[in-house]
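Here's the structure, in structure tokens; my notes come after.
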Amino acid sequence: MLQLLNTQLAEYDDAIAAATAEHPDALIFASFPGIGPVLTAVLLAEIGEDRARFPQPEVLLAEAGLAPVTRSSGRSRSVRFRYPANSRLREATMWWAFNSIKMSPWAAAAFRDARDQKGQRYHRALRGLAARWTRILWRCWTNHETYDPARHGSAALITAA
């Protein structure tokens, strides 16, 4: 029974990869480290094709729940987790950030810096890394360009070191 389920899952993965490959933006999303066929499909589905929907990267970050909410009143000011968000998009970007730590020296260094130097907890540091990747994705998606680590200045510096 387990073998049957594994076979069916492999067939679903192949069908997702085939359907995703037909999308005009698939190459842009798949060019990033840590994004496979399934994450490409999820990101394409959640972000969509309408570039006017996200005129600034901050709008996409808010939609994904990666931008914090600042509340201020009088002398008090607090920065909190953004609960109302597209949970599927947030989950996909978090998986992307997690996978990228293993594949990108820049992502690993950014995550380590957030944990060690800034003292952030695990999920806060992962959200921060996801926000960084999402900003880069927004720029590539807006310009219809694939990701190139050589053009990503800080990533090129880490890779060269």
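Among Gly34, Gly65, Gly48, which one moves the most in a GNM of the chain with springs linking Cα atoms closer than 10 Å?
Gly48
I'd like the accessible area for Lys102: 1.4 Å probe, protein heavy atoms, all chains in place, Å² to the nearest 10.
Rounded to the nearest 10, that gives 140 Å².
For Phe81, what accessible surface area do you get with a 1.4 Å probe? Give it in Å², rounded to 10.
70
Given a 1.4 Å probe, how much area per residue of the chain is accessible, in Å²?
Working: 9930 Å² over 161 residues.
I get 62 Å² per residue for the chain.
Consider the candidate values [x] 15.0, 42; [y] 14.5, 40; [z] 17.3, 62; state which one is Rg and Dmax of the Cα atoms in Å computed from the structure displayed.
[z]
How much of the accessible area of region 1-56, in percent, comes from carbon and sulfur atoms when a 1.4 Å probe is used?
On the way: 2210 of 3510 Å².
Ligands and nucleic acids excluded, carbon and sulfur give 63 percent.
The values are calculated or read from the model by the stated rules, or taken from the named source; none is laboratory data. Since the structure is predicted, the reported quantities are computational estimates derived from the model, not experimental observations. Side chains are part of the model used for accessible areas, which takes the heavy atoms of the whole protein and leaves out ligands, DNA and RNA. Shrake-Rupley method; radii C 1.70, N 1.55, O 1.52, S 1.80 Å.
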